[in-house]
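Down below is the structure, laid out as structure tokens.
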Amino acid sequence: MTERRPKLVALGLVLVCVLAVLWAARASRQDRVHRETLYVFGTLVEVEIRGEDTDRAQAATAAVGRLLQSLHEDWHAWRPGLLGDLNTAIAEGRGLTVDDRLAGVLRDGRRLSCESGGLFDPAIGGLIGLWGFHADTPPTGAPPSADRVAALVAARPRMTDLRIDGARISSTNPAVQLDLGGFAKGAALDLAAAELQAMGIENAVLNAGGDVNVLGTHGDRPWRVAIRDPFVWGAVAAIALRPGEVLYTSGNYERYFEHEGERFAHIIDPRTGYPVREIVSVSVLDTNGARADAAATALSVAGTQGWAEVAVAMGVQGVLMITDSGALLATPQMMQRLEPVGDAFPAPVEVVPLPAGVPAPSCGE
């Protein structure tokens, strides 16, 4: 027995050394951080990859950059590109064959619009252009005349007017002009996250102006994301995102113009043709960027009356809404995840339960 003890001690020391080396290697790998910033979809997109060597991380961000730039060019409604060609074809009463990615995002957009009851509707590109929100910079000057707004609303362009046969797109309504700004970032970041996963990247964050998709973790902790305060510089809350989660916010505090003391924001109510006023910010926690992006827009349009039913119809559960009076409204699922930044939230949070028994919308092909 006494002869074996030194051998066991030696083996134990070797094991400890091996574990220490492995732990140090793992810690060193986790400490590797690669960041790049791109400008697409009218905003800065930050890509952060953790735990990969420099060459591998650079190759992954380069692939994501090429993908996002391609989508930016193809999906831009008002510049030469595939979506612009489709809008021209629709206005002329023709169909057009597009690529599978654009056909897929249009199919998703049509379903999401149906689920929202038309409160989210990328077919109102004509109204977006009329108000001047089709450019990357905010419009200036006076708002459009009431007659012009009323004429476009009366034409009733809707995503349900689209006919999608494989990659062949047409519309039964020539007034449809597609603008994907209401969910293009979400759809694009979903594709970018899938690209990173396909390349074997396990831990990364994609941040497009505060709209975030995450993969894995931030080292030994979750990715922690702040929700911007729309009234003052700072944050109203933070959320620790789990692997695969997304957080998207629609607000009227960045893209707007003022005329004679009145503010006009970029989120347009398809029912009236006029910008949303009551809601200044909606944040949606989900696992799908396109759905979260579209739902944040739809709930901004819905306002404080009926938004919970729209959330259920669109399949989202984590919602934080901020009204123009500064009131905070949150679903129970969101309230469980919100963390104050500092000692407390900037205002009491009213918890709004999601209703049961909301009939599922019929939004098949």
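Remarks
- Considering region 76-179 at the alpha-carbon level, its Rg and Dmax are found to be 13.6, 42 Å.
- Span from the region 305-328 Cα centroid across to the region 81-147 one, whole angstrom: 24
- Residue-wise HN-Hα coupling along region 72-88, computed from phi with Karplus coefficients 6.51, -1.76, 1.60 (Hz; x: Gly, Pro): 4, 6, 6, 9, 6, 6, 10, 10, x, x, 5, 5, x, 4, 5, 4, 5
- Rg and Dmax of region 181-304, based on Cα coordinates, read 15.7, 54 Å.
- Within a Gaussian network of the chain (alpha carbon springs, distance under 10 Å), most fluctuating of Gly289, Gly200, Gly51: Gly200
- GNM top mover of Ala204, Ala302, Ala142 - the chain, alpha-carbon springs below 10 Å: Ala142
- GNM result for the chain, Cα springs below 10 Å: residue of Gly166, Gly210, Gly109 fluctuating most strongly: Gly166
- When each of the peptides 124-131, 235-242 is scored by how many other beta carbons lie within 10 Å of its residues on average, the order from highest to lowest is 124-131, 235-242.
- When all alpha carbon pairs of region 123-205 are counted in 10 Å bins from zero, the resulting P(r) reads 15, 31, 28, 18, 7, 1 %.
- Computed from phi, the 3J(HN,Hα) profile of region 171-182 under the Karplus parametrisation 6.51, -1.76, 1.60 (θ = phi - 60°) reads 9, 7, 10, x, 6, 5, 10, 7, 9, 8, x, x Hz, with x in place of Gly and Pro.
- FRET E, pair Ala344, Asp324, Förster distance 25 Å, beta-carbon r, rounded to 0.05: 0.70
- Net lengthening on full extension, Asp136/Phe231 (0.36 nm per residue, minus Cα-Cα): 32.0 nm
- The chain: calculated mean residue ellipticity at 222 nm from DSSP helix runs of at least 4, using -39500 (n - 2.57): -11500 deg cm²/dmol
- Estimated from the Cβ-Cβ distance and a Förster radius of 22 angstrom, the FRET efficiency linking Tyr253 and Val351 is about 0.40.
- Stretch gain in nm, segment Val358-Arg56, where the contour uses 0.36 nm per residue and the Cα spacing is subtracted: 104.0 nm
- Counting 0.36 nm for each residue step from Gln336 to Glu260 and taking away their Cα separation leaves a gain of 23.2 nm.
- The shape of region 254-308 can be summarised by an equivalent ellipsoid whose semi-axes, obtained from the alpha carbon gyration tensor, come to 22, 12, 10 Å from longest to shortest.
- Between region 242-292 and region 157-235, the Cα center-to-center distance that results, in Å: 14
- Hull-based mean projected area of region 216-277, where the convex hull spans the alpha carbons, in square nanometres: 6.1
- Working value for the chain: equivalent-ellipsoid semi-axes of 43, 25, 19 Å, each the square root of 5 times a Cα gyration tensor eigenvalue, largest first.
Read-outs throughout are calculated quantities, based only on the coordinates presented, and are distinct from any laboratory measurement. For clarity, every value in this text was computed on a predicted model and none was experimentally measured. Glycine also receives a Cβ, built like all others from the backbone with ideal geometry; neighbour counts cover every protein chain displayed.
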